[in-house]
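Enquirer: Here it is: the structure, laid out below.
Read-outs: derived from the displayed coordinates by stated rules, not from any lab. Note that the structure is predicted; figures quoted are calculated from it, not measured. Neighbour counts are summed over all protein chains in view; Cβ atoms, including those assigned to glycine, are modelled from backbone coordinates with ideal geometry.
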Amino acid sequence: MVVGRRTARNIRRSLQESLERGRFTQRFLLTTDGLDLYAGVVSKVFGFLCIYAQVIKDFRNNRVCRVDPRLGRGTQAQLDEALFQSEDSSTVNTSLVERLNLTIRQGSSYLSRPSSGHARFAEHLDDHMALLQCHYNFIRPHRSLKFGDQ
């Protein structure tokens with residue numbers, strides 16, 4: 001997790017951390033939105049380790065009017081196979097990470113838009129994000145999981 005603006009440096013830090021923490025034994029599917037910075041950074045960090053696609057959205061009057069998936073790395077056959085094997089979706093999209101980002105913003109007054117609450121120090125924001133991550137992963141009940149009465 002990297003807190004800050006979407007700069008090439010922060011994108012590289014986030015992807016390198018994922019590469020260091022992950023145990024990648026085979027090619028995986030990585031999707032991002034249409035920000036131009038992603039393509040170069042993904043290529044430098046992952047090389048041929050991933051199949052990379054971008055979701056390009058056209059907006060009119062603050063509404064999405066068209067979604068154009070673009071393949072950035074790998075072949076169309078590899079992308080089709082990765083989508084077929086996916087447990088989450090059969091199309092190229094960023095909906096899961098967008099939903100997670102919204103949940104994080106709603107769970108933190110530091111990150112909600114607009115807000116009078118803000119972190120005065122980066123260390124406090126990092127600590128707050130670690131607590132939020134712990135709460136999300138271990139305490140917060142997830143509706144998609146079936147626990148019965150627990």
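Enquirer: Taking the Cα centre as origin and putting +1 on Lys and Arg beta-carbons and -1 on Asp and Glu beta-carbons, what dipole magnitude results for the chain, to the nearest 20 debye?
Expert: 400 debye
Enquirer: Just name one of T75, T25, S14: the one whose Cα is farthest towards the positive end of the charge dipole of the range 1-104 (beta-carbon charges, Lys/Arg +1, Asp/Glu -1).
Expert: S14
Enquirer: For a quick check of your reading of the filter: which chymotrypsin sites (Phe, Trp or Tyr not before Pro) in the range 59-124 sit in a DSSP loop and have no more than 10 other Cβ atoms within 10 Å?
Expert: Qualifying residues, ordered by number: F121.
Enquirer: Work out, step by step, the length gained on full extension between F28 and V97: first 0.36 nm times the residue separation, then minus their alpha carbon distance; give nm to one decimal.
Expert: Between F28 and V97, full extension yields 23.2 nm more.
Enquirer: Per DSSP H run of n ≥ 4, the term is -39500 (n - 2.57); total these for the chain, divide by its residue number, and report the mean residue ellipticity at 222 nm rounded to 500 deg cm²/dmol.
Expert: Counting only the DSSP helices, I get -12500 deg cm²/dmol.
Enquirer: For R105, R5, which order do you get if you count the other beta carbons within 10 Å of each Cβ and list the fewest first?
Expert: By the 10 Å Cβ count, ascending, the order reads R5, R105.
Enquirer: Just the number, please: percent antiparallel of the DSSP beta bridges in the chain, rounded to the nearest 5.
Expert: About 60 percent, rounded to the nearest 5.
Enquirer: Considering the alpha-carbon set of the chain alone, what are its Rg and its Dmax in angstrom?
Expert: 17.4, 49
Enquirer: For Q78 and R21, compute 0.36 nm times the residue count separating them, minus their Cα-Cα distance, and round to one decimal in nm.
Expert: 18.1 nm
Enquirer: Provide the per-residue ³J(HN,Hα) series for the range 20-37, in order, calculated from phi with Karplus coefficients 6.51, -1.76, 1.60 and θ = phi - 60°, each as a whole number of Hz, with x at glycine and proline positions.
Expert: 5, 7, x, 10, 8, 9, 8, 4, 10, 8, 10, 10, 9, 6, x, 4, 4, 4
Enquirer: I'd like to compare 85-97, 16-28: which one has the highest average count of other Cβ atoms within 10 Å, and what's the full order after that?
Expert: 85-97, 16-28
Enquirer: Testing the spin-label approximation: label points 7 Å from Cα along Cα→Cβ at D88 and K44. State their distance in nm.
Expert: Between D88 and K44, the simple spin-label model gives 2.5 nm.
Enquirer: Top mean-square fluctuation among I11, I56, I139, Gaussian network model of the chain, C-alpha springs under 10 Å?
Expert: Most flexible of the set in this elastic network: I139.
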